[in-house]
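Below: the structure, in structure tokens.
Throughout, read-outs are computed from the coordinates displayed, never taken from laboratory work. None of the values given here were measured: they were computed from a predicted structure. Please note: Cβ atoms are built from the backbone with ideal geometry, for glycine as well, and neighbour counts cover all protein chains shown.
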Amino acid sequence: MIRIEPDAWTVMVDHARTAFPKECCGVMLGSEDADGTRAVSVAIPCRNAYEGDQKDRFLIDPKDQLGADRKAREMGLTVLGFFHSHPNEASYFSATDLKNSWPWYSNVVLSIRDGKFSEAKSFIANDTQTVADPEPLSF
Ligand SMILES: [Zn+2]
């Protein structure tokens, strides 16, 4: 399961609402317990670098990705996964999301309807990126 701590959650929702009606994206940092429970303590908003209609696509700017990796190392944290928003869509994991994902990482999808937070779910893709199982999420 994955738990988003309040400060990180506020950053994620604010980023998703500000980006509306486009998709936002970002990186989640934190730690993983021995039992596999993940706690996200820091969320890093990133630039959506997708060159096209961003209402249903995102690409994390590689520069922001590198910056997030560096920040994780500096803070002694782990990159646990990524978040993005679905403007006026449910928080499901799309075929494109699956294709662009990596195994192991948590992928939190925030549904934003008319600029307001609606719901969020987290998914983890399998090794062959053919299936992404929902992961229990608390925030
Ligand atoms: Zn998506």
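Listed values, structure above:
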quantity: Other-chain or far-sequence residues with amide H under 5 Å of Cys24's (modelled H); calculated: Ser85
quantity: Antiparallel DSSP beta bridges within the range 1-61, as percent of all bridges there, nearest 5; calculated: 75 percent
quantity: Spacing of the two label points (7 Å from each Cα toward its C-beta) at Lys99 and Ser31, in nm; calculated: 3.9 nm
quantity: Electrostatic dipole magnitude of the range 2-138 [Cβ: Lys, Arg +1; Asp, Glu -1; Cα centre; debye, to 20]; calculated: 320 debye
quantity: The range 16-60 shape via C-alpha gyration tensor axes, a/c threshold 1.5; calculated: prolate
quantity: Relative packing of peptides 18-27, 73-82, 4-13, 90-99 - highest average C-beta neighbours within 10 Å first; calculated: 18-27, 4-13, 73-82, 90-99
quantity: Length-normalised contact order of the chain in % [C-alpha pairs under 8 Å, at least 6 apart]; calculated: 26 percent
quantity: Straight-distance crosslink candidates among lysines, where the alpha carbon sits under 24 Å from Lys116 and sequence neighbours closer than 8 are dropped; calculated: Lys22, Lys55
quantity: Three-way shape call for the range 73-139 based on the alpha-carbon gyration tensor, with the a/c threshold at 1.5; calculated: oblate
quantity: The chain shape via C-alpha gyration tensor axes, a/c threshold 1.5; calculated: rounded
quantity: Spin-label model distance (nm) - Leu66 vs Ala49, 7 Å beyond Cα toward Cβ; calculated: 0.9 nm
